[in-house]
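Some notes on the structure that comes next.
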Amino acid sequence: MNKTIHYEIVDQVGIFTIDNGKQNVMSTSMYEPFYQNLCAFLEDDEVKIGILRGSQGRSFCAGDDIKSLERAADLDPDYPMMIQCLNRTKPVIGAVKGWCLGQGLLHLLTLTDIRIATADAKFGFPEIQYGMGGASGATRLGYQIPQTLAMYLLLTGDYYSAQQAKDSFMINEIVDDEKLFPRAMEIARRIARHPLTGITMEMELYQVGMDMQRKQRHSLLRSLYKEHRTAFEKAAGGRKPIEFKPLQQAK
């Protein structure tokens, strides 16, 4: 049986496919190749966006492989932490079917920026029932959905249906099973039509700017705008982009 996350490139889209049994649990050995593939994805200027999905017909990810958990603490280097600390300047679309639980939610789903799910998708954190904490993923979930919803999931061990997840802004759309990957590819191709410089600028401004004060965000905006405008003009042979004027210096 394969125990990995496959990576392939189609139409400037990097596709990550979790492949480990019917429920696609994450074994300890899967984190290193996933990290290496993420690095390759981020470094390849021919790839503009990614999709993260479970292997065909299977769940997205039902959490960590319990049999390998005792070895997870001994990982050196700590690939799960390195994955979360990557400066991710390209967006990733999550395509979710079936179970999205535990570390599948806290470590994998929170790596995505746009999320499509099937009606049978279920989201939750059952580890609380066994006295296990969130292994730092809880804070990332709290950044992405309201605190009350995040704490309910983390503390009760209950599952959210796809509709509840959509109502909570955890996912964007619900589609039929056969439309899951095609819809993810449709959105990915739409984004991939844009210049990579614009995509990376939006990603960096959003992710880094969230932790900055107003003046710092404005300074970052001006710096990135100048950098990306220069890169655009060079790539376009001197043709200037549509004029954009940053806001005046914050008082």
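The values are calculated or read from the model by the stated rules, or taken from the named source; none is laboratory data. None of these values were measured; they are calculated from a predicted model. Virtual Cβ from ideal backbone geometry, glycine too; neighbours counted across all protein chains shown.
Conditions: (1) modelled with pLDDT under 70; (2) in contact with a strand residue (DSSP E or B) (Cβ under 7 Å, 6 or more places away or on another chain). ILE191 meets all but one. Number of the miss? The number of the failed condition is (1). Does the stretch 67-85 contain at least one residue that is within 16 Å of PHE16 (Cα to Cα) and modelled with pLDDT of 90 or more? No, that holds for no residue. For the stretch 155-182, the set of residues classified as surrounded by 16 or more Cβ atoms within 10 Å (Cβ to Cβ) and in a helix (DSSP H, G or I) consists of ALA162, GLN164, ALA165, LYS166, LEU180, PHE181, listed by residue number. Set side by side, the residues LEU149, LEU205, LEU224, LEU141 differ, and just one is modelled with pLDDT of 85 or more, surrounded by 15 or more Cβ atoms within 10 Å (Cβ to Cβ) and either within 23 Å of the chain's Cα centre (by Cα) or not hydrophobic (A, V, I, L, M, F, W, C) (or both), which is LEU149. Considering LYS97, LYS122, LYS90, the condition of being more than 15 Å from PHE16 (Cβ to Cβ), modelled with pLDDT of 85 or more, of a type in the set (D, E, K, R) and crowded, with 17+ Cβ neighbours inside 10 Å is satisfied by LYS122 alone. Can you say whether MET212 is part of a loop (DSSP other than H, G, I, E, B), touching a Ser or Thr at 6+ places or on another chain (Cβ under 9 Å) and either at pLDDT below 70 or within 30 Å of PHE125 (Cα to Cα) (or both), as far as the supplied structure shows? Judged against the criteria, MET212 is a match. Counting the residues of the stretch 8-29 that are assigned to a loop (DSSP other than H, G, I, E, B), out of contact with any Gly (no Cβ under 7 Å at 6 or more places or on another chain) and surrounded by 15 or more Cβ atoms within 10 Å (Cβ to Cβ) gives 5. The lone criterion from (1) more than 18 Å from ILE93 (Cβ to Cβ); (2) of a type in the set (Val, Ile, Thr); (3) out of contact with any Leu (no Cβ under 8 Å at 6 or more places or on another chain) left unmet by VAL175 is number (1).
Only a single item in (1) touching an Asp or Glu at 6+ places or on another chain (Cβ under 9 Å); (2) within 26 Å of GLY142 (Cα to Cα); (3) modelled with pLDDT of 85 or more is not met by ILE15, and it is number (2).
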